[in-house]
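The values are calculated or read from the model by the stated rules, or taken from the named source; none is laboratory data. These figures come from a predicted structure and were not determined experimentally. A quick note on method: Cβ atoms are made from the backbone with ideal geometry, for glycine too, and the neighbour counts reach across all protein chains shown.
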Amino acid sequence: MHRALADETRSRLLRILRASQEPLDARELAHQLGLHLTTVRAHLDVLVEAGLATSHSEDRTTPGRPRRLYEAADDPSTAVDAGGYRLLAEMLASHLAATSGDVASDAVAAGREWGTYLVQRPPPYTTTPSDAARAELLQLMGRLGFQAELDADGTRILLHRCPFLDVARRHQDVVCSLHLGILQGALRTLDAPLDARDLEPFVQPSLCVAHIAETDHAG
């Protein structure tokens, strides 16, 4: 699953499938992405193997070879179940919740370390502009499995369909704090004049909101 989400093309494919009201074939997806059909088919195979998408042959009554149609997995948590990731997340979150003296702070600290690792460090003495940093955050959270979008004024990142939704409901202080830390660590690495101040969990049943603020200096 992590290998599938680590590629930006596959993240874009998954966003298109999730936004579509009906299954799509590889040719339609290739047209939307502006990529070769063979390339798109290879990426779709990886998404299906990871449990992030499903495929089936088109039902047709006319002669001809039926199309293979693709759609996003109905429940994002099914992707996390692949390979035992969901169980592993539950085990680690419950352990931290039971043993930490300050669960939220420890989870934020862990998230910062991973956020620092998950984005590409800019050259020395280079500050990433605010707009570019926001775009990097959207791509990062998309690779982690969120359907992420920026609001109109750029102060909030809307995080739809948390890939660890079930675990987050039981261990909100661990999972949501970890995601806040990831955003903070990423901004620190990008050396951007932005700060992730807060993450509101479950503003809606499948929506969390991260608040991003301009700062006087880079991170």
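The table below lists the values:
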item	result
Filtered residue count, region 177-209, keeping only those that are touching a residue at least 60 places away in the same chain (Cβ under 8 Å) and either closer than 17 Å to F146 by Cα or assigned to a strand (DSSP E or B) (or both)	10
One residue from A152, A135 being without any contact (Cβ under 8 Å) to a residue 12 or more places away in the chain and part of a helix (DSSP H, G or I)	A135
Qualifying residue in region 163-174 (condition: loosely packed, with under 15 Cβ neighbours inside 10 Å, closer than 19 Å to P205 by Cα, under 18 Å from the mean Cα position of the chain (by Cα) and at pLDDT below 90)	yes
Single unsatisfied condition, H211 versus (1) of a type outside the set (A, V, I, L, M); (2) under 19 Å from the mean Cα position of the chain (by Cα); (3) closer than 26 Å to M91 by Cα	(3)
So F146, is it assigned by TED's automatic domain parsing to the domain that holds Y125 and out of contact with any His (no Cβ under 8 Å at 6 or more places or on another chain)	no
Any hit, region 29-47, residues being touching a residue at least 60 places away in the same chain (Cβ under 8 Å) and touching a strand residue (DSSP E or B) at 6+ places or on another chain (Cβ under 6 Å)	no
Residue satisfying condition, being closer than 18 Å to E8 by Cα, crowded, with 23+ Cβ neighbours inside 10 Å and modelled with pLDDT of 90 or more, within set L187, L137, L150	L137
